[in-house]
Each structure stands twice: as structure tokens, then as C-alpha cells.
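*Asks:* Got a structure here, written out as C-alpha cells. Questions coming.
Bear in mind that the values in this text are calculations on the coordinates, not laboratory data. As the structure is a prediction and not an experimental result, all values here were calculated from the model. Note that each Cβ is placed from the backbone with ideal geometry, even for glycine, and that neighbours are counted across all protein chains shown.
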Amino acid sequence: MSASTSSPTAPHSESHAHGGGHYTSLGLDNRKIAIWTFIGSECMLFASLISTYMIYKGRSPEGPFPHETWTNPMTGQVFKPILNIPVTSASTFVLLMSSLAMVLALAAVQNKGQPVKPGLWNKMLASSKLWLWATALLGITFLGCQAYEFTSFIHEGLTIRTNLFGSSFFTLTGFHGAHVTAGVLWLFTLLAIDYKRGLGPGDALLVDICALYWHFVDVVWIAIFTLVYLIQ
Amino acid sequence: MSNHAAAGGHASEDHHPTWTTYWKVALFLTLITVVEVWAYYIPSFVNSSYFVPSLLIMSGVKFYTVVAYYMHLKYDHKLFRALFSGPLAIAALTLIGLLFLFSKLAIKIGLLS
């Protein structure tokens with residue numbers, strides 16, 4: 001998929017890649033090396049946040065708790081387990097499907113200009129705008145689920161200041177939500193370019209870099225979903 | 001440059017996944033997610049010693065599948081693989097190290113009070 005964006009056929013003397021990037025001595029575009037380096041550093045950022053959550057897990061003297069019922073000894077108020085697994089499972093599915101839409105958007109950009117086979121499905125597959133919109137809307141849906149979750153937690157008495165669980169949970173999932181938001185904004189910039197002048201095979205690297213970031217946000221959520229939501 | 005491409009481990013055009021591959025990957029990821037959530041609702045399994053390892057394995061498989069196929073690292077240059085897997089290994093080892101340091105085991109052997 002990425003070969004066309006990472007293995008230029010231009011001679012060394014022409015070291016400028018399409019769109020203003022530069023090829024390194026390895027023949028790789030510097031922007032793609034940059035995004036992979038950035039993703040590597042993001043791995044360490046999220047590992048630190050997940051570590052913090054897991055270290056503090058089960059150490060809060062006061063509830064509400066993620067998986068256990070808690071009764072406030074002062075007021076007698078009963079707090080149910082706060083995590084909403086059905087909603088989070090749905091949002092996980094939404095994010096996984098957004099990754100599918102993203103790879104289809106990249107494929108549509110890379111294959112633009114080639115003859116499209118007859119049929120509605122083939123026309124849909126060839127539309128980069130459709131898949132970029134689908135990815136962005138699925139990302140917004142995920143953010144909507146997160147906003148619903150955060151709001152319901154606050155209504156149930158869990159804020160970032162309530163206990164160790166609240167602090168580490170909101171920090172971790174909030175950082176992830178901020179990354180999804182940045183990804184959605186990035187997708188809208190690609191859509192703006194697509195509407196203004198059209199994205200073609202020469203722009204594949206632009207979409208590829210955004211796609212790598214989007215998939216990374218997805219894999220981080222895969223880890224968070226298991227470690228935070230499912231493991232009790 | 002073409003020599004570079006041949007020697008540098010660049011992906012071959014023949015190895016590009018098609019949209020059918022992408023759909024199969026999406027179906028596979030969905031099925032694993034369904035199994036994960038299904039396992040969460042079986043109390044006897046949750047209380048067994050197999051629950052956490054099985055969830056970690058399923059999560060790891062999903063992680064690898066997205067990175068290999070959607071991020072196309074399986075087909076990409078080895079430098080990109082190194083740029084991702086190096087920091088990922090450091091991150092994983094740091095996480096494991098911290099969990100060990102702050103675990104009940106650390107309290108038992110006197111590292112923590």
C-alpha cells in the first residue's frame with residue numbers, strides 16, 4: 001500500500017518528493033519517517049498514561065469504582081460499577097470501522113484516475129470524499145460516545161478530582177479523545193483539499209500520513225479498551 | 001534509486017492488500033471484539049485465571065493486525081518497523097517494570113511499604 005509513497009523512482013539528484021517533501025539517502029520520504037518517529041514517541045506517552053492508570057487501579061479508598069459497587073459510609077449512598085461496557089463496546093466497533101474507512105480512502109486516492117468498473121459499489125470504492133467523510137463521521141461518533149460517557153460519570157459522582165481512579169481514567173481517556181479530535185480536524189483538512197482541487201495519486205503520501213496517525217489512535221484504543229474497561 | 005528500492009526492503013506492488021483484504025481484516029477485528037466482550041459477561045470465566053491472559057492475547061492480536069495490515073507495516077520498509085517497534089518495546093518494558101515495582105509482589109519482597 002505504501003510502496004508508492006515510500007519508494008520513489010526519481011533519481012537521487014531530484015531529491016524533492018511530490019508536495020515539498022524530501023527523500024532521504026534511503027529513498028524514503030522524510031515526512032513518512034517523521035510520522036513513524038512521532039508515532040513511536042506517542043507509544044511511550046500512552047504507555048506512561050496506561051501505567052499510571054494501572055498502578056493506581058484498586059488503590060482509591062473512596063468510590064465510585066470501575067467494576068465494583070461502593071456504598072458511601074457517610075451518606076449511605078450506593079454507587080453502581082461506573083463503566084458502561086455496552087456503550088464502550090459500540091464506540092470500539094465504531095473506531096475499528098473508521099480504520100476500515102480510512103484505508104479505503106487511501107486506496108481511493110492511490111487509484112484515482114484509473115478506470116472504474118461499472119456498478120454502484122465500485123463507484124463508491126473509487127470515491128475518496130465518501131471514505132474521508134465516513135472516517136471523520138465515525139470519529140465524531142466515537143467522540144460523541146466519549147462525551148456521553150464523561151457526562152454520565154460526572155452525573156454519577158465521578159470527576160477528575162473524586163479519587164485516584166477518576167484522575168487517572170479521565171487523564172488517559174481524555175488524552176486519547178484529544179488525539180481523536182486532532183485526527184478528525186486533520187481529516188477535514190484533507191476533505192477541504194479534496195473539494196478544492198481533488199486528491200490524486202500524487203497526494204497519496206498526504207493521506208497515508210494522516211491514515212497512519214488515525215490507525216495509531218485506533219490501536220491505542222484497542223489497548224485501552226482491554227486494559228481499562230474489560231480487565232477487572 | 002531503483003537499486004535502493006530493491007535493496008532497501010521496499011514493498012512490492014504485488015503485495016498491496018486489496019479492499020477485500022481490508023474487509024476481511026475488519027470482520028476479523030469485529031469478531032475478536034465480540035469475543036472479548038462476550039468473555040467479559042461470563043462470571044465463571046472472569047473469575048478464572050485464564051481471563052486476563054486470554055484478553056491480553058486477543059488485544060495483542062488485534063493490535064498486530066491493525067499495525068500489520070491497516071498501517072501496512074508488514075509490507076513497508078524495515079526502518080519504519082524499527083521506528084515503531086523500538087519505542088513500543090521500550091514502552092512495554094517500562095509498563096511491565098512499573099507494574100512489577102508497584103505490585104503486591106514488590107510490597108512482599110520489601111521494595112514498597
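*Asks:* Given only helices, namely DSSP H runs of n ≥ 4 each adding -39500 (n - 2.57), what is the per-residue ellipticity at 222 nm of chain A, to the nearest 500 deg cm²/dmol?
*Replies:* Details: 7 runs with 145 residues, N = 232.
Taking each H run of at least 4 residues, the total per residue is -21500 deg cm²/dmol.
*Asks:* Assuming a viscosity of 1.567 mPa s and a temperature of 4 °C, what translational diffusion coefficient in µm² per second does Stokes-Einstein assign to the protein assembly as shown, Rh being the Kirkwood radius over Cα pairs?
*Replies:* 59
*Asks:* Using only Cα atoms, figure out Rg for the range A:40-177 and give it as a multiple of 2.2 N^0.38 Å. Please list the in-between numbers first.
*Replies:* Working: Rg = 20.5 Å, N = 138, 2.2 N^0.38 = 14.3 Å.
Scaled against compact globular proteins, the figure is 1.44.
*Asks:* Follow-up. Taking chain A as the reference, fit the longest principal axis to its C-alpha atoms, fit the long axis of helix A:204-224 to the helix C-alpha atoms, and give the angle between the two in degrees, 0 to 90, nearest 10.
*Replies:* Tilt relative to chain A: about 20 degrees.
*Asks:* Here's another thing I want to ask about it. Do the alpha carbons of any pairs in A:Lys196/B:Lys62; A:Lys32/A:Lys129; A:Lys112/B:Lys24; A:Lys57/A:Lys80; A:Lys196/B:Lys78 sit beyond 25 Å of each other, and which pairs?
*Replies:* On the way: A:Lys196/B:Lys62 36 Å; A:Lys32/A:Lys129 23 Å; A:Lys112/B:Lys24 23 Å; A:Lys57/A:Lys80 17 Å; A:Lys196/B:Lys78 36 Å.
Pairs exceeding 25 Å: A:Lys196/B:Lys62; A:Lys196/B:Lys78.
*Asks:* Report, as a whole number in µm² per second, the diffusion coefficient that Stokes-Einstein gives for the range A:167-232 at 25 °C and 0.890 mPa s using the Kirkwood radius over alpha carbon pairs. Walk me through the intermediate numbers first.
*Replies:* Values: Rh = 13.4 Å.
Here the translational diffusion coefficient equals 182 µm²/s.
*Asks:* May I ask you to derive the relative contact order of chain A, considering only C-alpha pairs under 8 Å and at least 6 residues apart, and to give it as an integer percent?
*Replies:* Working: 251 pairs, mean separation 60.3, N = 232.
The value is 26 percent.
*Asks:* Which far-off residues, 5 or more places away or on another chain, put their amide H under 5 Å from the one on A:Phe79, with H placed in the peptide plane?
*Replies:* Answer set, sorted by chain and number: A:Trp70, A:Thr71, A:Asn72.
*Asks:* Within the set of other residues whose C-beta is less than 14 Å from the C-beta of A:Val220, count the net charge using Lys and Arg as +1 and Asp and Glu as -1. Don't skip to the end; give the middle numbers.
*Replies:* On the way: positive: B:Lys62; negative: A:Glu42, A:Asp218.
Charge balance in the 14 Å sphere: -1.
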